[in-house]
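Q: Here you go, one structure.
The values are calculated or read from the model by the stated rules, or taken from the named source; none is laboratory data. Fair warning: this is a prediction, and the values are worked out from it, not measured in the lab. FYI the Cβ positions are ideal-geometry reconstructions off the backbone, even for glycines, and counts take in every protein chain you see. Note: accessible area is taken over every heavy atom of the protein model, side chains too, but ligands, DNA and RNA are not part of it. Shrake-Rupley method; radii C 1.70, N 1.55, O 1.52, S 1.80 Å.
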Amino acid sequence: PNLALIGFFIYNVATSAEDNPDPFASDPFNVFSYGAYLGLEWKLNFAQLTSRYRKSQANYSKSRAQFEAVKLQVQMEINEAYQLVQRYKKILKARKTAKRMGKQWMRSVTMNLSTGFIQSNDLLDSLRAYYSSDLNYQQTIYEYNKAVTTLWKASGLDLSTLVED
């Protein structure tokens with residue numbers, strides 16, 4: 001609503017004009033007057049107010065639905081990242097065992113090479129297996145750390161204890 005308060009005050013005294021005693025006669029030279037006006041404007045358009053209210057409700061519902069969609073998307077990203085971390089954790093354990101076995105094979109072939117029971121091809125096979133398992137292990141560490149970083153980015157939690165060296 002619009003509200004206005006307007007006031008006025010008029011006081012005139014003329015020394016050359018006589019004051020007219022008749023209250024109904026116009027005497028612009030000797031005047032004492034005051035007053036105030038109060039104005040109020042209020043537009044009541046119920047159809048427009050109702051449509052604005054309904055539009056606001058629709059915008060709220062749309063925003064709420066978008067929020068729920070984003071929340072579900074974030075939950076899905078966190079779940080996928082967690083599953084990926086768990087998968088690489090299992091692979092890392094298997095690759096670590098494979099690396100250890102490859103190292104044991106390489107050591108036993110190296111020790112038996114001097115006895116003459118092992119040929120040089122067996123040594124090359126054991127070396128190839130060991131270094132291949134070591135390379136796979138290092139690659140899996142990289143993939144695991146990348147998955148932990150993705151999980152950290154999606155969840156915002158401190159996951160520094162999960163990172164492999």
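Q: Between their Cα atoms, which of Lys96/Lys146; Lys71/Lys153; Lys62/Lys146; Lys89/Lys153; Lys103/Lys153 are more than 26 Å away from each other?
A: Lys62/Lys146; Lys103/Lys153
Q: I would also like to ask the following. Between Leu5 and Glu77, what length in nm is gained on full extension when 0.36 nm per residue of separation is reduced by their alpha carbon distance?
A: Once the chain is fully extended between Leu5 and Glu77, it gains 19.8 nm.
Q: Related question: Which residues does a label at Tyr53 reach in the range 1-27, if reach means a backbone N under 19 Å from a point 7 Å past the Cα toward the Cβ?
A: 1
Q: List the aspartates and glutamates whose Cα sits under 14 Å from the Cα of Lys90, skipping any in the same chain fewer than 8 residues away.
A: Glu143, Glu164
Q: Scan the range 1-72 for trypsin sites (Lys or Arg not before Pro) in coil per DSSP, keeping those whose Cβ has at most 14 other Cβ atoms within 10 Å, and list them by number.
A: Within the range 1-72, the qualifying trypsin sites (Lys or Arg not before Pro) (loop, at most 14 other Cβ atoms within 10 Å) are Lys43.
Q: Given a 1.4 angstrom probe, what's the average accessible area per residue across the chain, in square angstrom?
A: With the other protein chains kept in place, the chain gives 83 Å² per residue.
Q: Would you mind computing Rg(Cα) / (2.2 N^0.38 Å) for the range 44-164, counting N as its residues?
A: Working: Rg = 28.6 Å, N = 121, 2.2 N^0.38 = 13.6 Å.
For the range 44-164, the normalised Cα radius of gyration comes out at 2.10.
Q: Next up: Using only helices, what value at 222 nm comes out for the chain when you add -39,500 (n - 2.57) per DSSP H run of length 4 or more and divide by the total residues, to the nearest 500 deg cm²/dmol? Walk me through the numbers before you get to the answer.
A: Numbers: 2 runs with 104 residues, N = 165.
Rounded to the nearest 500, it is -23500 deg cm²/dmol.
Q: How much of the accessible area of the range 84-145, probe 1.4 Å, is carbon plus sulfur, in whole percent?
A: 56 percent
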